[in-house]
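Asker: Starting off with a structure, shown below.
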Amino acid sequence: MSSEPSPVPQSPVEQSAPRRWSTADLAGPTLIFVGSFLIAVTIALPTLLVGTFRTIPLSTDFTTVATAEKATILDRCSLATPAARTLDADLVRQQRVVAVQPSDEHRVTLQAGTSVQAETLRIGDRTVEPEDPRPGSDADADSSEACNDATVNAVKDRVTLDRETAEPQLSARGASEIQYDSNQAPVLVPDRRGFTYLLPFDTSLTDHEFFDVVTRTTVPLEYDGNTEVVGKDVARFRAEVPATDLARAAFGRPVGTDVVITRPASWFGIDGPRRDLTATLRHRSSWDLAVDARTGTIVDAKITVDEFYAFPDGTPGVPADFRLPHLQANFTYDETTQSEMSRLASDLATPITIWGRIVPIATGVLGVLALVVGGFLINPAWLPARFRRTDREPRETASHSD
């Protein structure tokens, strides 16, 4: 007689025990989460992080040097001689622009110091140093601003800008003030408009406005096509500053010069009665700027300056076309400045390229791949048949018999 063993009943605890998730089970949801995160990063980087790189840096600090050969200047020493004298000169225009206070996340104050100095002078056929004695220089030997100082003129400009638009922001604590003479107070410019030292990031290739520091006027800044500087594609902009009588608001001028000269007619080279004449200083200039449109950096500039003394219209005995040159020069950025400003533009653009293009492309591609792979792991039926995992057949239960 045989008997079959009765099955052992399973306890309630064994029947309701939860199934543990394996690594394979967690891989799919994890990849879905990672992919979604990477897609969110791809969207957020260009819109949130990169926007902070498209503002004027609070660390702004750059210097430009422009040279002018065969320029013409009025010899200030001739103010003490019987006749006016002009000299041929080689000039250097140096400008430093640095961010100062007040500055914050929305605005930045730029201070620009600009000077024009003579490197060499030519009197007749002789080349002389600017500091060398020459006729008339002994008249102001005790002056703190000698006529044979190498400085032709100098100016300090201070302006608060919006960090995004690069436009003057003169409300609240912002201000625009220009100092032409270290011995006189700065001139306030409460209605200042236009760009001077830089343009905004992503500069539009359209016409803008330019502010001229010497005349304190705003003129059109016209887009004039594209060009190339040091291998970089840049946009050209041109500004024309018309002849302006600087005596109209004589609140200071560059060191060692004056906006008004009163001398005998013979000093100006005008024949006629022996009398004193008064001439005022006029300024006109043209600006040809090469701008890296992506960062607003001026990588090259050609500046033509024409300053001269002239008499009021209708002055008796004076030719209508009379001009006494004060400063006539064509300044051009030197090669070192072009290279440094081009490098500055590249440095400003690099974070935008990395975080606005390269990283989003990488995170976007990885995010899509993670979503696709995660989806296939969660639902293998999406895979082609040959790639599906086949479960092993369950082992048969051994039977027990007598």
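The values are calculated or read from the model by the stated rules, or taken from the named source; none is laboratory data. Note that this is a predicted model, so its numbers are computed, not measured. Because the Cβ atoms are built from the backbone with ideal geometry, glycine has one as well, and the counts that use them run over all protein chains shown. Just the protein is used for accessible areas: all its heavy atoms, side chains included, with ligands, DNA and RNA removed. Shrake-Rupley method; radii C 1.70, N 1.55, O 1.52, S 1.80 Å.
Asker: Of 274, 253, which residue is open to solvent by less than 50 Å² (accessible area, probe 1.4 Å) and modelled with pLDDT under 90?
Answerer: On the way: 274 fails: open to solvent by less than 50 Å² (accessible area, probe 1.4 Å).
Only one candidate qualifies: 253.
Asker: Condition first: of a type in the set (A, V, I, L, M), farther than 17 Å from residue 302 by Cα and surrounded by fewer than 19 Cβ atoms within 10 Å (Cβ to Cβ). Now tell me which residues in the stretch 220-248 satisfy that.
Answerer: Looking only at the stretch 220-248, we keep the residues that are of a type in the set (A, V, I, L, M), and these are 221, 229-230, 234-235, 239, 241, 243, 246-247.
Going one step further and asking which of them are farther than 17 Å from residue 302 by Cα, we end up with 243, 246-247.
Within the stretch 220-248, 243, 247 qualify.
Asker: Right, next: Give the stretch 214-228 a look and list any residue that's hydrophobic (A, V, I, L, M, F, W, C) and at pLDDT 95 or above, or say none.
Answerer: Going residue by residue through the stretch 214-228, those that are hydrophobic (A, V, I, L, M, F, W, C) are 214, 219, 221.
Answer for the stretch 214-228, where residues must be hydrophobic (A, V, I, L, M, F, W, C) and at pLDDT 95 or above: 219, 221.
Asker: Moving on to the next point. Is it the case that some residue within the stretch 99-112 is under 26 Å from residue 282 (Cα atoms) and assigned to a strand (DSSP E or B)?
Answerer: yes
Asker: I need a count of the residues in the stretch 152-169 that are open to solvent by 50 Å² or more (accessible area, probe 1.4 Å) and either acidic (Asp, Glu) or not in a loop (DSSP other than H, G, I, E, B) (or both).
Answerer: Qualifying residue count, the stretch 152-169: 4.
Asker: List pairs: first in the stretch 215-241 and closer than 10 Å to residue 289 by Cβ, second in a loop (DSSP other than H, G, I, E, B), Cβ under 6 Å, 6+ apart or cross-chain?
Answerer: These pairs meet every condition: 235/205; 235/293.
Asker: Which of the residues belonging to the stretch 81-96 are open to solvent by 30 Å² or more (accessible area, probe 1.4 Å), without any contact (Cβ under 8 Å) to a residue 60 or more places away in the chain and either farther than 28 Å from residue 160 by Cβ or of a type outside the set (S, T, N, Q) (or both)?
Answerer: Selection gives 85, 88, 90, 96.
Asker: Moving on to the next point. For residue 78, only one of the following conditions fails: (1) on the phi < 0 side of the Ramachandran plot; (2) at pLDDT below 95; (3) open to solvent by 70 Å² or more (accessible area, probe 1.4 Å). What is its number?
Answerer: Condition (3) is where residue 78 drops out.
Asker: Okay, next question. Go through 39, 56, 73 for me and flag whichever is surrounded by 17 or more Cβ atoms within 10 Å (Cβ to Cβ), at pLDDT 70 or above, assigned to a loop (DSSP other than H, G, I, E, B) and β-branched (Val, Ile, Thr). I'd like the intermediate steps shown before the answer.
Answerer: Values: 39 fails: assigned to a loop (DSSP other than H, G, I, E, B); 73 fails: assigned to a loop (DSSP other than H, G, I, E, B).
The match here is 56.
Asker: To continue, here is another question. Consider residue 112 carefully, then state whether it is touching a residue at least 60 places away in the same chain (Cβ under 8 Å), open to solvent by less than 30 Å² (accessible area, probe 1.4 Å) and either within 24 Å of residue 334 (Cβ to Cβ) or hydroxyl-bearing (Ser, Thr, Tyr) (or both). Don't jump to the end; show me each part of the working.
Answerer: Working: touching a residue at least 60 places away in the same chain (Cβ under 8 Å): yes; open to solvent by less than 30 Å² (accessible area, probe 1.4 Å): yes; either within 24 Å of residue 334 (Cβ to Cβ) or hydroxyl-bearing (Ser, Thr, Tyr) (or both): yes.
Against the criterion (touching a residue at least 60 places away in the same chain (Cβ under 8 Å), open to solvent by less than 30 Å² (accessible area, probe 1.4 Å) and either within 24 Å of residue 334 (Cβ to Cβ) or hydroxyl-bearing (Ser, Thr, Tyr) (or both)), residue 112 qualifies.
Asker: Next question, about the same structure. What number of residues within the stretch 97-109 are in contact (Cβ under 8 Å) with a residue 60 or more places away in the chain and among the polar types (S, T, N, Q)?
Answerer: Qualifying residue count for the region: 1.
Asker: Is it true that some residue in the stretch 282-304 is without any contact (Cβ under 8 Å) to a residue 60 or more places away in the chain, on the phi < 0 side of the Ramachandran plot, open to solvent by less than 50 Å² (accessible area, probe 1.4 Å) and not in a strand (DSSP E or B)?
Answerer: no
Asker: Going by the conditions given, is residue 202 assigned to a loop (DSSP other than H, G, I, E, B), out of contact with any Pro (no Cβ under 6 Å at 6 or more places or on another chain), on the phi > 0 side of the Ramachandran plot and surrounded by fewer than 18 Cβ atoms within 10 Å (Cβ to Cβ)?
Answerer: Values: assigned to a loop (DSSP other than H, G, I, E, B): yes; out of contact with any Pro (no Cβ under 6 Å at 6 or more places or on another chain): yes; on the phi > 0 side of the Ramachandran plot: yes; surrounded by fewer than 18 Cβ atoms within 10 Å (Cβ to Cβ): yes.
Spelling it out, residue 202 is indeed assigned to a loop (DSSP other than H, G, I, E, B), out of contact with any Pro (no Cβ under 6 Å at 6 or more places or on another chain), on the phi > 0 side of the Ramachandran plot and surrounded by fewer than 18 Cβ atoms within 10 Å (Cβ to Cβ).
Asker: Mind checking which residues of the stretch 258-271 are part of a strand (DSSP E or B) and open to solvent by 50 Å² or more (accessible area, probe 1.4 Å)? Give the derivation first.
Answerer: Our first condition is that a residue be part of a strand (DSSP E or B); within the stretch 258-271, this holds for 260-264.
Residues satisfying the conditions are 260, 262, 263, 264.
Asker: Could we say that residue 119 is part of a strand (DSSP E or B), out of contact with any Ser or Thr (no Cβ under 8 Å at 6 or more places or on another chain) and surrounded by 14 or more Cβ atoms within 10 Å (Cβ to Cβ) here?
Answerer: Working: part of a strand (DSSP E or B): yes; out of contact with any Ser or Thr (no Cβ under 8 Å at 6 or more places or on another chain): yes; surrounded by 14 or more Cβ atoms within 10 Å (Cβ to Cβ): yes.
Here the answer is yes, as residue 119 does meet what is asked.
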